[in-house]
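Here's the structure we're looking at; comments come further down.
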Amino acid sequence: MDLRDECVTFKGEKAPADHISSALLAPKPLPSPSTALKQGLAAGFKKVLRTEEDSPSPFPGVLPGILEMRVKEGSKIRNLMGFAMARMQSESGDSGRAGLRQVVFAGSGRAVTKTITCAEIMKRKVGGLYQLTKLQYKGVQEVWESQEGGESEMTVHRTVPSISILLSKDPLDPLEPGYQPPETQYALWEERGGADVLQPGEKRPFKNNISETHSKRFCPQGGVTL
Amino acid sequence: MLAHCTDDRKTPECSTKSMDPVEYTLRKRLPRKLPKRRNDVYINMKTDFKAQLARCQKLLDGGAGHKEICIHGLGLAINRAINIALQLQAFSQGALQLAANTSTVELVDDLEPEDPDEAGEPLTRTRNNSAIHIKVFYPNA
């Protein structure tokens, strides 16, 4: 299973998401994402298209009718959560349907952190959800086009890390790797004696005196920063 | 993350710029340090990626290799933590298994008034950040 596939290398420099190939070659400094983009733009190339390759669902025994939320880099959490919460919380008369009892959040590349944040918000709002987390590599095809002339076109194939989080109202298999029960006190934290995780339903005390009109990004209790 | 800034508020100690008209310096408080077991690895964005990968690999290999290690990542380091875990799995030719858990960590920012004469008292702002904990282990049998 060769994960270091790359059809074309972009002017001899490795893209930042390709930690995979860079780790094995002779020591080369990994360019930061902004450097790579700037060099790409300087060379007159612009990313035109980005398609994700379809990989099979990593969750065994999951019903095909569940809700899958694909989190992209530019997705707004407000929109994602609005849709997902509405689906999960509309219980009236649909409690038997499997579709509203499970939801999958999937994201790759730069959207991974946002995916985790969405899942955490949902766990807090809808308590008692069982979680199953899976990590894999996902293939991505990018098409870069030259700005001047418009003839040359490159297709870059990358593998980026991706995460899939299954949240379910029904109990899941506790022996499955990546399983997380709804309670926040699991064995991992008990050894440390710390409870960094908020209990579901617990509200943070409102300590802030800054008025809302003065700060654009004021996040009252319930706000999440990425 | 706060992105808006003005020049007159840049002081050598502040890591992020504040946007309040009352001059405040924003200083992030470090997340609470947790007692670390020998097989715990915390990932950050400052250390070289290859060095972190080599350290994790060393903890798993060797005569005194641990059966499992736990990789932690907070915020932006989540991506790097996932990358390291997947790389370790790839190098082991499928002998290793991954188990990922997610959690929310509370971070506190201290806001201090820059000018001591200015009206303003030290405030604290709390925000949440996502964290990931990946267990990398050799499955028994």
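Determine the alpha carbon to alpha carbon distance for each of A:Lys47/A:Lys114; A:Lys169/B:Lys50; B:Lys46/B:Lys135; A:Lys46/A:Lys72 and list only those over 28 Å.
Values: A:Lys47/A:Lys114 22 Å; A:Lys169/B:Lys50 40 Å; B:Lys46/B:Lys135 22 Å; A:Lys46/A:Lys72 19 Å.
Cα-Cα > 28 Å for A:Lys169/B:Lys50; rest within.
Could you grab the relative contact order for region B:37-137? Cα pairs under 8 Å, six or more apart, rounded to a whole percent.
Contact order relative to length: 31 percent.
Determine, for each peptide in B:40-53, B:91-104, A:124-137, A:47-60, the mean count of other beta carbons within 10 angstrom over its residues, then list the peptides with the highest first. Walk me through the numbers before you get to the answer.
Numbers: B:40-53: 15.1, B:91-104: 17.2, A:124-137: 19.3, A:47-60: 12.6.
Going by the mean number of other Cβ atoms within 10 Å, highest first, we get A:124-137, B:91-104, B:40-53, A:47-60.
Of all the C-alpha pairs in region B:37-137, what % are more than 22 Å from each other?
Result: 41 percent of Cα pairs exceed 22 Å.
Accessible area of region B:37-137 with a 1.4 Å probe: how many percent of it is carbon plus sulfur?
The computed percentage sits at 51.
Tell me, what HN-Hα J-couplings in whole Hz come from the Karplus equation 6.51 cos²θ - 1.76 cosθ + 1.60 at θ = phi - 60° for each residue of region A:169-179, using x for Gly and Pro?
Running phi through 6.51 cos²θ - 1.76 cosθ + 1.60 with θ = phi - 60° gives 6, 8, x, 10, 6, x, 8, 6, x, x, 7 Hz.
Count, for each residue of B:87-94, the Cβ atoms from other chains sitting within 10 Å of its Cβ, then give me the mean as a whole number. Before the final figure, lay out the partial values.
Details: counts 7, 0, 4, 7, 2, 0, 1, 1.
Per residue, the average neighbour count from other chains is 3.
Using a 1.4 Å probe on protein heavy atoms only, how many Å² of accessible area do B and A hide from each other, summed over both chains and rounded to 100?
Chain pair B/A: roughly 4500 Å² of buried accessible area.
The values are calculated or read from the model by the stated rules, or taken from the named source; none is laboratory data. Only a predicted model underlies this, so the values are computations on that prediction, with no experimental measurement involved. A quick note on method: Cβ atoms are made from the backbone with ideal geometry, for glycine too, and the neighbour counts reach across all protein chains shown. Surface accessibility is based on the protein's heavy atoms, side chains included, excluding ligands, DNA and RNA. Shrake-Rupley method; radii C 1.70, N 1.55, O 1.52, S 1.80 Å.
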